[in-house]
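Structure record follows, encoded as structure tokens.
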Amino acid sequence: MRLRTLEIALEGLEGFGRPDPGTEQYCTPAFLAARLLHHASLLGDIGERAVCDLGCGTGILACGAALLGARRVVGVELDPAALAVARRNAAHLGAEMDLVLGDVRDRVLIDHLGRFDTVVMNPPFGAQDPHADRPFVDAALALAPVTYGIFNTGSVPFFESYLAGRAGIEFAIGGLFPLKRTFPFHRHDMVEIEVEILRMRRR
Ligand code: SAH
């Protein structure tokens, strides 16, 4: 599937009904989700693979993985309302997936999900809780040898020290994450956050 075709399919998906600022519910823009997945697909990490989307929210990454031919797709999300949106989005696309209500910090849950080839995720950027992305990285490393994530630009040195040899960062693609005014404390109609898509490989 071409990048643009994937992007168009993902653009049609439903967003968060009532986004929660505390858990940083920002819908991953379709073009960034498509870019991450298309790249992962070219590297052989999506088609015929078992893929887990951590903090799947509206399910955009999980849906895209299913469209690109993943063998098994699982999405994990803390918020039942977001999971209901993900369920509708999956149904809309006819995408097969398991959607699990749970917390990525719950080690028992993570151990029970089984093994995956690839994790995809757009974790909280840490604007509310500066360390919110750490449990996502830990869960990802427990689940799969390869992880793709969207992070704030400039996170690589932090992750290199946080990973402490557990995984290597193999590449980064830069991008801009347009954030529309979502919460009352937002002062601008739109800001663009510089982000990077990282691929991490477990050692
Ligand atoms: N890629 C998704 C979600 C991005 S926002 C989309 O585009 O819709 C990050 C998501 O992580 C939110 O849906 C939030 O509810 C979820 N989340 C935050 N902390 C979590 C945790 N500890 N466990 C599971 N999900 C979590």
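The values are calculated or read from the model by the stated rules, or taken from the named source; none is laboratory data. Being a predicted model, the structure only gives us computed values, none of them experimental. Methodologically, a virtual Cβ is constructed for each residue, glycine included, from the backbone with ideal geometry; neighbour enumeration extends over all protein chains shown. Protein only, heavy atoms only, side chains kept; ligands, DNA and RNA dropped before computing areas. Shrake-Rupley method; radii C 1.70, N 1.55, O 1.52, S 1.80 Å.
Among the residues of segment 104-116, some residue qualifies, meaning at least one is under 15 Å from ARG201 (Cα atoms), more than 10 Å from the ligand (Cβ to nearest atom) and touching a helix residue (DSSP H, G or I) at 6+ places or on another chain (Cβ under 6 Å). The set of residues from segment 77-100 being more than 22 Å from GLU7 (Cα to Cα) and either near the ligand (Cβ under 9 Å from one of its atoms) or touching a residue at least 60 places away in the same chain (Cβ under 8 Å) (or both) comprises GLU77, LEU78, ASP79, ALA81.
Per this entry, GLU77 is counted among residues that are in contact with a helix residue (DSSP H, G or I) (Cβ under 7 Å, 6 or more places away or on another chain) and crowded, with 20+ Cβ neighbours inside 10 Å. The set of residues in segment 122-151 that are among the polar types (S, T, N, Q) and at pLDDT 90 or above comprises ASN122, THR147. In segment 1-43, the residue that is modelled with the lowest pLDDT out of those that are of a type in the set (Ser, Thr, Tyr) and open to solvent by 30 Å² or more (accessible area, probe 1.4 Å) is THR23.
Remark: pairs (first residue in segment 55-73, farther than 8 Å from LEU37 by Cβ; second residue of a type in the set (Phe, Trp, Tyr) and open to solvent by 30 Å² or more (accessible area, probe 1.4 Å); Cβ separation under 7 Å; 6+ apart in sequence or on different chains) = GLY57/PHE16; THR58/PHE16. Checked against the criterion of being touching a Gly at 6+ places or on another chain (Cβ under 8 Å), of a type outside the set (Ser, Thr, Tyr) and surrounded by 18 or more Cβ atoms within 10 Å (Cβ to Cβ), segment 107-115 contains not a single residue that satisfies it.
Each row is one residue, and each column tells you yes or no for (1) under 18 Å from PHE151 (Cβ atoms); (2) more than 9 Å from the ligand (Cβ to nearest atom).
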residue	(1), (2)
LEU13	no, no
PRO21	no, yes
PRO29	yes, no
ALA33	yes, no
LEU36	yes, yes
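In segment 44-65, of all residues being among the small types (Gly, Ala, Ser) and surrounded by fewer than 22 Cβ atoms within 10 Å (Cβ to Cβ), the one that is farthest from the ligand (Cβ to nearest atom) corresponds to GLY44. If you go through segment 157-183 and keep only what is of a type outside the set (Gly, Ala, Ser), under 17 Å from the mean Cα position of the chain (by Cα) and farther than 22 Å from ARG105 by Cβ, you end up with ILE169, PHE171, ILE173, LEU176, PHE177, PRO178, LEU179. Out of curiosity, is ALA86 small (Gly, Ala, Ser) and under 23 Å from PHE177 (Cα atoms)? Taking the combined requirement at face value, the residue satisfies it. Quick one: is GLY149 exposed (fewer than 12 other Cβ atoms within 10 Å of the Cβ) and under 18 Å from the mean Cα position of the chain (by Cα)? Here the answer is no, as GLY149 does not meet what is asked.
Results for (1) in a helix (DSSP H, G or I); (2) closer than 25 Å to PHE31 by Cα; (3) of a type outside the set (Asp, Glu); (4) in contact with a strand residue (DSSP E or B) (Cβ under 7 Å, 6 or more places away or on another chain), shown as yes or no for each residue.
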site	(1), (2), (3), (4)
ALA132	no, yes, yes, no
ALA142	yes, no, yes, no
PHE177	no, yes, yes, yes
PRO184	no, no, yes, no
VAL191	no, yes, yes, yes
GLU196	no, yes, no, yes
ARG199	no, yes, yes, yes
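For segment 117-138, what are the residues that are open to solvent by 80 Å² or more (accessible area, probe 1.4 Å) and either in contact with a helix residue (DSSP H, G or I) (Cβ under 8 Å, 6 or more places away or on another chain) or hydroxyl-bearing (Ser, Thr, Tyr) (or both)? Scanning segment 117-138 gives a single hit, GLN128.
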